[in-house]
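These notes concern the structure reproduced below.
Rule-based calculations on the coordinates, nothing more; no lab input. If you're wondering where the values come from, they're calculated on a predicted model, not measured in any experiment. Cβ placement follows ideal geometry from the backbone for every residue including glycine, while neighbour counts extend to all protein chains displayed.
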Amino acid sequence: MPIIAALLVGALALPTPQAGAQATGLVVVHIKDFKFVPATLKIKSGTTVRFVNDDQDAHTATALEKTFDSGGLDTGDAWSHVFSKPGTYSYFCAVHPFMKGVIIVSAS
C-alpha cells in the first residue's frame, strides 16, 4: 500500500503558478504565514482557484467587491471558486485585513 499512497500524494500535489504565469484548470492558492501564496495570480476565465489554509489561524478569501467569499477556513480547510469572467479581483482575509491578494482573469 505505500506505493499507492505515494501515487495519491503525487497526484494531489499541484504546482502553484508564479505571478506571471497564465494558468488554466485548477490552481491552488496557499494561505501560509499570514500571506496568500502566490499573492498575484494570472489565470484564464473558467479556471478554478482552490484556497487552502496551511496556517495555524483561521482565514478567509473575500473579494473586495463581494463577488466571492470563502467564509472561515480553519487549519487544513479548503474552498474553491470558478472565475468565469475576465477582470481583476482584489481580495483579502476578513479576519486579518492586512492579508491581500489579486487574481487577474483574462479571456480564455
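What the table below lists for this structure:
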| item | result |
| --- | --- |
| Looking only at the stretch 85-108, and only at residues there that are in a strand (DSSP E or B) and without any contact (Cβ under 8 Å) to a residue 60 or more places away in the chain, the one that is surrounded by the most Cβ atoms within 10 Å (Cβ to Cβ) | TYR91 |
| Pair list, Cβ < 9 Å and 6+ apart or interchain, from the stretch 53-76 residues that are more than 13 Å from VAL95 (Cα to Cα) to residues that are in a loop (DSSP other than H, G, I, E, B) and of a type in the set (A, V, I, L, M) | PHE68/ALA61; THR75/ALA58 |
| Any hit, the stretch 64-84, residues being hydroxyl-bearing (Ser, Thr, Tyr), over 14 Å from ILE103 (Cβ atoms) and either in a loop (DSSP other than H, G, I, E, B) or in contact with a Lys or Arg (Cβ under 6 Å, 6 or more places away or on another chain) (or both) | yes |
| Selection count, the stretch 64-79, where residues are under 18 Å from VAL105 (Cα atoms) and buried (at least 16 other Cβ atoms within 10 Å of the Cβ) | 1 |
